[in-house]
Amino acid sequence: MQAALDAGAGYADVRVQELETEELAVRNGVLETAELATSAGVGVRVVVDGAWGYAATSELDGDDPAAAARLAVDVGRASAKVKRRDVVLAPAEAQSGRYETPYKEDPFAVGLSEKVDLLIAASEAMRTDKRIMAATAALGLRRERTVFVSSEGSLLVQTILQTGTGISATAADDYDAQHRSYPGGHGGQHACAGFELVRNLALVEAAPGVAEEALALLTAPACPVGTTSVVLDGSQVALQIHESVGHPTELDRILGTEAAYAGTSFLKPSDLGRLTYGSQHVTIVSDGTSPGGLGTVGWDDEGVRPSPTFLIRDGLLVGFQTSRETAAAIGQDRSNGTMRADGWINYPLIRMTNVNLLPGDSSLEELIASTDDGIYMTTNRSWSIDDMRKNFQFGCEIAWEIKGGRLGRMLKNPMYQGITTEFWGSCDGIAGPSQWTIWGVPNCGKGQPMQTARVGHGAAPARFRKVAVRAAE
Amino acid sequence: MIGAERALELAEKALAVDGADEVEVTLYSESGGLTRFADSIIHQHTERSDAQIKIRVVTGKRSASASTNRLDDAAIAQTGRRALEMACLSPPDYLFPGLPGDFGASLVTPSQEAERFDQATAAATPGWRADRVAEAVLAAGDRPAAGFFSTSADEVALTNTNGVRRHATFTVAAFTCMLRSGDGTAHHESAAGRAGDIPVVAITEDLARWADRGRGAGDVEPGTYPVVLMPLAVGEMVEILAYMGFGAKDVLNGESFFVDRQGDAVASPIVSIVDDVAHPRSLGAAFDLEGVWRQRVAVIDRGVANQPVYDTRTAAEAGTTTTGHASGSQEYGPYPANLHIVPGHQTSEELVAGVERGLLVRRFWYVNVVNQRETVLTGMTRDGLFLIEDGAVTKPVHNLRFTQSVLDGLSGCSGVGADLACLSSGGGSLLAPALRLDAFNFTSATSH
């Protein structure tokens, strides 16, 4: 950091980080993937001549440990060739301290044999029929150890521990292929937690039911085309939050800095406090402190402690996810702490931490019982939304029709489509705290070079009215 | 860059894992930078370097991998030991065929291989890239510009205990740019082995014309239209088609269209999709991530579903031989990293001239799989959707969502463009022309 300042930087921060991962994947009873990886490096971010520069290297033990800092300054000076205004950062108090993800059982310390045996048992328990073509079970562990210092006096030490696991079955015959996952799509469930997450999910016990549903889907009727009431399970609501609330409320997108790739947003800064985003049932909070959330940290990668921020309160847009630079750009006096980088090699961007839909006072059972005619869909299978985050279309793995307040036939290939504010405006019921879960989304892409963020979404089953549905065929 | 001699020396040294039956070492290093701009200023700018060594250890029918980006002897030795420990604890995979030997030959000639590394691209500085951005911003005039210019130099060394010893270096430069003109936008992206081959100013001037032309879009009803898909849209569609159906792992899982359509006509006879690392504009190494020389595979040959691509593990399970398409991940399976759609002879204007009333799509966005086996995708148009009337592009229209079987769409392909765009894709490249499809399903609309 001192080398960056000596080279002319007006601001500098440095992250020294070590990443440790373990990936295990079993398919049809065979361990296909057994990989350990470590990666260590340093990333230096500077403001020089009013412009940003970033340099990252894995050369931690080289002859010149300050080389990356001087390179970052060179990069910043090059950036200043194409600027119209100087970078301005919202104030942030210098921070110091340590943070470590709370956990009960260190997953890296659990014996490999125990982990592999569990995955094989879960995979084998799904192989109940020759039409089960792929029975997979996977486990992923990640530990990040980071030291952050800034020229404003921050010194932070963090250890983030993440665990993810899930199973899936693919059934196929001459006519179709169908897929079921547990406990959710996108690899199952992921959280800032230890191995207790895996034990609590009871993968082996769930496995036969997963296979049974995949097989049943092969001969199930297709989701009908029409407009109807839709009840979504919590994991699908999580995806809905992610795509149609999380991304459009990122202030960098709103200000246009992702215009060429991830896209912009239908929101404007002037919409704060004015735009009706959803019904009165809809209250959504950005909260990087949620216990167990996959996006939970002690500080973001600008050294800002995350502060829970209402994005939507009783249906009204009231907040954005911000960084120090974007907060200053709209006249706010502080960042709410959402700048995160995918490893030491990348610069931080505004990324969702945990964007949570607060629970309501209903239940899944009550939502179904009070629906005369509709469809209950669970587990995300496909997702797509436009570059301004308005028109979306999501597919689920499985659905059931709802008739007279009761679940009826299983339906395959369910899909629904909508426009963001119309859809959230049609929400008329959300299940309560007992059915509320923070789902982890481990594969959120944004930025160039592309970065993958690991984010959380607290969600419960919810009902939406007058939704366009169709079959994914 | 580590350099061939030292990279191979490190990779050879890492093969020494006591107690292992077979060992494979992949050393991958990358260095370069990316200069990103939005609202016509550089707002994100990075220069980075990393090198990682991955050691796959085999004992009997058991295997496991470990990797590190510390390249000192102690770290490499420890990584090998960790991989062996893990392999010993793993259950056997009785279909594991063992590591490949050194067989076959490279399709890429030595002179081609030499051309894939451009010293000027490898040496490009942050200031040089910033100058290219400045040129784009200047050419954009008063239209806000966003995108990036990147340059990188990659090096891979791969050895195994069966005598495989490979090394490759290659450079990649990429440029993306989006211009806004009122409510009109236009986007470009392309990649090349030489940064100097990317004509930033000409590209930006062309974008300016399209962005201006996109102003004042009106509504168009969703429905089925003939379309002319420009190369970027074709590339986005074919990349996902490859992801969901061209690899043998998806066939073995019962999810690829090859399961029940291999040998069938699945596209128009004028459509051929070939993976060919030796194509003069392909990017990347001549060997896959098991050290097997990449073979030319016509995945779709004159409209017929010919064959998927294989790595050694899927080939063993399917009872065939590898085509040299290991992706480095057994979980995801083999992938064709150098696809190209064989070009035709028509200009995009000639393709448009064959449409009475339809749509010209410059780009798709957020394309995702709806039904893998049926190759149904959904996605949005973006940065330029235009109505075609009486064989000419007439006016811009608001974006639409499509939900469409790719193979059904390609079955109605009535024209293939002559010019190929080179897109960076999947660790390699994808070369795509414009296509004219006689029917394409747009299922909903948006207001921009």
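Just checking, which of B:E85, B:E47, B:E5 is modelled with pLDDT of 95 or more, surrounded by fewer than 22 Cβ atoms within 10 Å (Cβ to Cβ) and of a type outside the set (S, T, N, Q)?
Selected residue: B:E5, the only one of B:E85, B:E47, B:E5 that is modelled with pLDDT of 95 or more, surrounded by fewer than 22 Cβ atoms within 10 Å (Cβ to Cβ) and of a type outside the set (S, T, N, Q).
May I ask you to say which residue of A:T128, A:T136, A:T146, A:T101 is surrounded by 16 or more Cβ atoms within 10 Å (Cβ to Cβ), under 30 Å from B:R62 (Cα atoms) and away from every other protein chain (no Cβ under 14 Å)? First the steps, then the outcome.
Working: A:T136 fails: away from every other protein chain (no Cβ under 14 Å); A:T146 fails: under 30 Å from B:R62 (Cα atoms); A:T101 fails: under 30 Å from B:R62 (Cα atoms).
Within the list A:T128, A:T136, A:T146, A:T101, the selection yields A:T128.
Restricting the search to region B:424-448, which residues are within 14 Å of chain A (Cβ to nearest Cβ) and either more than 22 Å from the chain's Cα centre (by Cα) or surrounded by 23 or more Cβ atoms within 10 Å (Cβ to Cβ) (or both)?
As a first pass, look at region B:424-448 and keep what is within 14 Å of chain A (Cβ to nearest Cβ): B:424-427, B:441-448.
Within region B:424-448, B:S425, B:N441, B:F442, B:T443, B:S444, B:A445, B:T446, B:S447, B:H448 meet the criteria.
Looking only at region A:23-41, count every residue that is modelled with pLDDT of 95 or more, crowded, with 21+ Cβ neighbours inside 10 Å and in contact with a Leu (Cβ under 7 Å, 6 or more places away or on another chain) and tell me the total.
3
Considering each residue of region A:73-87, count those that are hydrophobic (A, V, I, L, M, F, W, C) and over 12 Å from A:V47 (Cα atoms), and give that number.
1
So, in region B:337-372, how many residues would count as being touching a residue at least 60 places away in the same chain (Cβ under 8 Å), more than 14 Å from chain A (Cβ to nearest Cβ), outside any strand (DSSP E or B) and within 15 Å of B:D419 (Cα to Cα)?
9
What's the number of the condition A:V469 fails, among (1) under 27 Å from B:T375 (Cβ atoms); (2) touching an Asp or Glu at 6+ places or on another chain (Cβ under 9 Å); (3) among the β-branched types (V, I, T)?
(2)
Run down B:G415, B:G426 and say which single residue is modelled with pLDDT under 95 and over 22 Å from A:F394 (Cα atoms).
B:G426
Enumerate the strands (runs of 3 or more DSSP E) found wholly within region A:2-83, keeping only those where 1 or more residues are in contact (Cβ under 8 Å) with a residue 12 or more places away in the chain, of a type in the set (D, E, K, R) and at the interface with chain B (Cβ under 7 Å from one of its Cβ atoms).
Passing ranges, in order: A:30-48.
Name the helices (runs of 4 or more DSSP H) wholly within region B:59-143 that hold at least 3 residues that are within 11 Å of chain A (Cβ to nearest Cβ) and farther than 30 Å from B:A174 by Cα?
B:73-89
When you scan region A:348-359, do you find a residue that is in a helix (DSSP H, G or I), touching a strand residue (DSSP E or B) at 6+ places or on another chain (Cβ under 6 Å) and either within 20 Å of A:G295 (Cα to Cα) or modelled with pLDDT of 95 or more (or both), even just one?
Looking through region A:348-359, none of the residues is in a helix (DSSP H, G or I), touching a strand residue (DSSP E or B) at 6+ places or on another chain (Cβ under 6 Å) and either within 20 Å of A:G295 (Cα to Cα) or modelled with pLDDT of 95 or more (or both).
On the basis of being touching an Asp or Glu at 6+ places or on another chain (Cβ under 9 Å), more than 9 Å from every other protein chain (Cβ to nearest Cβ) and basic (K, R), does B:K54 make the cut?
No: the conditions fail for B:K54.
With the checklist (1) surrounded by 24 or more Cβ atoms within 10 Å (Cβ to Cβ); (2) over 21 Å from the mean Cα position of the chain (by Cα); (3) closer than 23 Å to A:G246 by Cα in hand, flag the one item A:C427 doesn't pass.
Condition not satisfied by A:C427: (1).
When residues of region B:178-198 are filtered for being farther than 20 Å from B:L430 by Cβ and assigned to a loop (DSSP other than H, G, I, E, B), how many remain?
Total meeting the criteria: 2.
If B:E239 meets every condition in (1) within 30 Å of A:A169 (Cβ to Cβ); (2) assigned to a loop (DSSP other than H, G, I, E, B); (3) acidic (D, E) apart from one, which number is that one?
Against the list (1) within 30 Å of A:A169 (Cβ to Cβ); (2) assigned to a loop (DSSP other than H, G, I, E, B); (3) acidic (D, E), B:E239 comes up short only on (2).
Restricting to region A:207-238, give me the number of residues that are in a strand (DSSP E or B), surrounded by 14 or more Cβ atoms within 10 Å (Cβ to Cβ) and of a type outside the set (A, V, I, L, M). Walk me through it before giving the result.
The first filter runs over region A:207-238 and keeps only residues in a strand (DSSP E or B), leaving A:222, A:226-232.
Applying the additional criterion that residues be surrounded by 14 or more Cβ atoms within 10 Å (Cβ to Cβ) yields A:222, A:228-232.
So of that shortlist, the ones also of a type outside the set (A, V, I, L, M) come out as A:228-229.
Residues flagged as in a strand (DSSP E or B), surrounded by 14 or more Cβ atoms within 10 Å (Cβ to Cβ) and of a type outside the set (A, V, I, L, M) within region A:207-238 amount to 2.
Is it true that B:L283 is assigned by TED's automatic domain parsing to the domain that holds B:R382, of a type outside the set (K, R), out of contact with any Asp or Glu (no Cβ under 8 Å at 6 or more places or on another chain) and closer than 30 Å to B:E113 by Cβ?
yes
The values are calculated or read from the model by the stated rules, or taken from the named source; none is laboratory data. Quick caveat: nothing in here was measured; it's all calculated off a predicted structure. When we count neighbours, we look across all protein chains shown, and the Cβ atoms used for this are built from the backbone with ideal geometry, even at glycine.
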